[in-house]
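What follows is a set of notes on a single structure, which appears directly below.
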Amino acid sequence: MTILLIVYRSLRQHALSTVVTACSLALAAGLLMTVWVVKTQSQRTFTQTTAGFDAVLGARSAKLQLVLNAIFHLEASPGNLAWADYEQIKQHPAVKTAIPIAVGDNFRGWRIVGTVPELFSDVEYNPGRKYTLAAGGRFFETGKHEAVVGSFVAQQLGWKVGATFHPFHGIAFDEQHEHEEQYEVVGILEPTNSPADRVIWTPLEGVQTMTGHNPAAATEVSAVLIQLRSPTAGFMLDMMYNKQGNRLTFAYPVGAIVGELFAKIGWFDRVLALVAYLVALVAAGSVLASIYASMSARRRDLAILRALGAHRRTVFGAVVTEAAVIGALGAAGGFVVYCGLMVVVSNVIRVQTGVVLERVAWHDVLWICPLAMVGLAALSGMVPAAKAYRIPVAETLAPAS
Amino acid sequence: MLAMLAIHGLTQSFLSPDGRRNTVVDVPAFSLGAGEQLALRGESGSGKTTFLHLIAGILAADSGSIHVEGIDMVSLSEPKRDRLRAEKIGYIFQTFNLLQGHTVLENVLLGMSFGPGADRSRARAVLERLGLGERLYHFPRQLSTGQQQRVAVARALANRPKLVLADEPTGNLDRRNATESLALIRETCREVGAALLLVSHDENALAQFSQVKNFADINAAQQGAGT
């Protein structure tokens, strides 16, 4: 109780430096927690985002590029494959489902993907979850200029059922390359929290035969999304396409290939973590500096406490406790910083990829980091506390005269 | 009369900047009875404050013994000296030494907390007795000098000490306040049954005591220095 009163009054007396120091700790704690949570959550979420498929078949290319293009609708298509290739893998006994997609158009930057209705009727994008439509909509009909729109695109463009649009050529928006065809929105997908939310889905042949497209592409597809009957089939097809053949690439398994992306950008995580560690170190230093700098002003108060009967260990404990309380304030503020950063970061990731991170998901770093902050602050407080411990009472209390 | 304070062969020296050891306090024998009130006259720099610091256990003596209510302060470890000081001794400083960041009530409570324990009602009662009932939640800077000194007195007496040490308690007060303040200290000490040892060079303050001794007469170190 005594120590808490001493600490409380000291923090009040040095309110400005307390707030500044706690803020720098909050920034460090918030950054550390965000880096860790985003890193682990994005890795987990991205590797689990398979849109319900086990593999992707596409033109000869890097597997990662193929997966990013076909599953995440990012990056450019590495090229096309012939309709016959699609037919061949579709008929393969190891393949349960094969869904062709064609890319190459956009509407104001939102990617248009041509596919077949089976994507919506047969495929579970998450276990037990099929694509569903918002009220008043229906899936497009083959051969018609109709579109089903991902929830995020519809929200961003303000589209409702009945809206019409002209696609633009290419995956990057260029006003000069508007196609003649007019499409009508016939359905809007319920949110899936997956890259599908960022896509305008149209019938496959519509993209293939769009005016201005290469007529040769009318019998080609950009990729084939595949569900296998068993995991061993994946290795068999991997052997068949990747090792024995040299024309196509079979990207399997999708999750592991996305994992490679994180391995490649692992250095970025490490840099972020290093920056966060440095910020934490600087913040801990600021606790030390702030309390140490105030020691001259507090020297007399501490000597008075000693003269009143406080033990050396009591004043030592008071200074360490004060540092720990600043650390605790910083850790609490860290949660505010963390929440703010998570909102921003998860929004950016959602806008860029369609993948939604859980903002309130629990992670061990959420208790380890605040605890470490308090510990680090208390450790920093030991330097000024040692100074307080050694204060010569008689000398300090001697009248100035 | 049982000696509340009994000192034998007490010495204290300091190393001067030129490397020589200067003996500041050399008191062969000194005693103070329970409830007794004694004033020591001494000039500035005569070692009076050091003498009080030694009695209070704020400084560790080079040699000798200081018995406070029968317990030898010199032979105790520092934590035990701190405890004894908090429980048995009230100290009134010349500059009051109030904790500026704490309220009047907190100053008194903190003083009590290192001894038998903070007793809010006792602290309030002492402050009210000293006319500070309306100032409990004021900070020292919001008080007059006289009021600040009364807070220092309240803090020294709240624990019902057996011995009160007062170091130039009127040094920062005008004459009227000094007279009133000293009367209050003496009266309050009588009320709690504490012995009072006051050191001062202020003749007006000393004049209020029936027992006054020259510090030079008990401090052999000063006799040699001729001060």
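The values are calculated or read from the model by the stated rules, or taken from the named source; none is laboratory data. Computed from a predicted model, the values in this text were never measured in an experiment. Cβ coordinates were reconstructed from backbone atoms using ideal geometry, including for glycine residues, and neighbour counts include every protein chain displayed.
Filtering A:V35, A:V56 for residues that are in contact (Cβ under 8 Å) with a residue 12 or more places away in the chain, within 27 Å of A:I226 (Cα to Cα) and away from chain B (no Cβ under 14 Å) leaves a single hit, A:V56. Only residues that are surrounded by fewer than 21 Cβ atoms within 10 Å (Cβ to Cβ) and either in contact (Cβ under 8 Å) with a residue 60 or more places away in the chain or more than 14 Å from B:A39 (Cβ to Cβ) (or both) were counted in the stretch B:180-189, giving 4. Residue pairs whose Cβ atoms lie under 6 Å apart, separated by 6 or more positions or on different chains, with the first residue in the stretch A:120-137 and surrounded by fewer than 15 Cβ atoms within 10 Å (Cβ to Cβ) and the second outside any loop (DSSP other than H, G, I, E, B) and among the hydroxyl-bearing types (S, T, Y), are A:D122/A:T97. Scan the stretch A:248-267 and tell me whether some residue there is modelled with pLDDT of 80 or more and touching a His at 6+ places or on another chain (Cβ under 9 Å). No, the stretch A:248-267 contains no residue that is modelled with pLDDT of 80 or more and touching a His at 6+ places or on another chain (Cβ under 9 Å). Set side by side, the residues A:T21, A:T40, A:T49 differ, and just one is farther than 30 Å from A:E87 by Cβ, buried (at least 23 other Cβ atoms within 10 Å of the Cβ) and not small (G, A, S), which is A:T21. Being in a loop (DSSP other than H, G, I, E, B) and at pLDDT 90 or above is a description that does not apply to A:W201.
Being away from every other protein chain (no Cβ under 14 Å), hydrophobic (A, V, I, L, M, F, W, C) and buried (at least 20 other Cβ atoms within 10 Å of the Cβ) is the requirement here; does A:W83 meet it? Here the answer is no, as A:W83 does not meet what is asked. Being assigned to a helix (DSSP H, G or I) and either of a type outside the set (K, R) or buried (at least 24 other Cβ atoms within 10 Å of the Cβ) (or both) is a property that does not hold for B:A166. For the stretch A:139-169, residues that are small (G, A, S), surrounded by 13 or more Cβ atoms within 10 Å (Cβ to Cβ) and closer than 15 Å to A:G206 by Cα total 1. Selection of the stretch B:202-218 for residues being assigned to a loop (DSSP other than H, G, I, E, B) and at pLDDT 90 or above yields B:A207, B:Q208, B:F209, B:S210, B:Q211. Can we say A:P370 is within 14 Å of chain B (Cβ to nearest Cβ) and either outside any helix (DSSP H, G or I) or at pLDDT 90 or above (or both)? So A:P370 does not fit the description; no. If the condition is being under 30 Å from A:G136 (Cα atoms), among the hydrophobic types (A, V, I, L, M, F, W, C) and either surrounded by fewer than 17 Cβ atoms within 10 Å (Cβ to Cβ) or more than 31 Å from the chain's Cα centre (by Cα) (or both), then the stretch A:208-229 contributes only A:M210. Note on the stretch A:7-62: residues that are part of a loop (DSSP other than H, G, I, E, B) and over 29 Å from A:A323 (Cβ atoms) amount to 9.
For the stretch A:265-281, the set of residues classified as of a type in the set (D, E, K, R) and without any contact (Cβ under 8 Å) to a residue 40 or more places away in the chain consists of A:R270 only.
If you go through the stretch A:282-322 and keep only what is in contact (Cβ under 8 Å) with a residue 40 or more places away in the chain, more than 14 Å from chain B (Cβ to nearest Cβ) and either within 34 Å of the chain's Cα centre (by Cα) or more than 29 Å from A:L32 (Cβ to Cβ) (or both), you end up with A:V282, A:A283, A:A284, A:G285, A:S286, A:V287.
Here A:G327 fulfils each of the conditions (1) in contact (Cβ under 8 Å) with a residue 40 or more places away in the chain; (2) surrounded by fewer than 23 Cβ atoms within 10 Å (Cβ to Cβ); (3) not aliphatic (A, V, I, L, M) apart from (2). Inside the stretch A:380-395, residues that are within 14 Å of chain B (Cβ to nearest Cβ) and in a helix (DSSP H, G or I) make up a count of 4. If only residues of the stretch B:79-90 that are of a type in the set (D, E, K, R) and more than 7 Å from chain A (Cβ to nearest Cβ) are counted, the one that is nearest to B:K162 (Cα to Cα) is B:K88. Selection of the stretch B:76-100 for residues being crowded, with 23+ Cβ neighbours inside 10 Å and either among the small types (G, A, S) or without any contact (Cβ under 8 Å) to a residue 24 or more places away in the chain (or both) yields B:A86, B:G90.
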